[in-house]
Amino acid sequence: MKKLHIQGVEETHSNPGIRLEGVDSTIKVKAKYEVSITSARDGGTEETLSNVKDDDVMLLEFEDGIFIWTRVDQFEEDFPESKSRGGDAN
């Protein structure tokens, strides 16, 4: 397990689970964390998300309504400043 560092504010879970309707089945996703991304000047702090795995799934929702599903390892590749630091990596 590792820690993921994100600039933002942790929210209470507004949706503890998300149901995805598929062609042949339904997939249920349980939320571990919900964070609103902010900049430091907007009052955000660095949130540390503990116990995340490389294959955990993240849902990124943008202001314009676009949603992107990604894995933690892909998110870290796309946003290297979010990677674990110190002795907590992997």
For His5 and Asp54, calculate 0.36 nm times their separation in residues minus their Cα-Cα distance, and state this gained length in nm to one decimal. 16.3 nm
Could you grab the relative contact order for region 31-75? Cα pairs under 8 Å, six or more apart, rounded to a whole percent. 28 percent
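Bear in mind that the values in this text are calculations on the coordinates, not laboratory data. Here the structure is a predicted model, which means the values were calculated and not measured.
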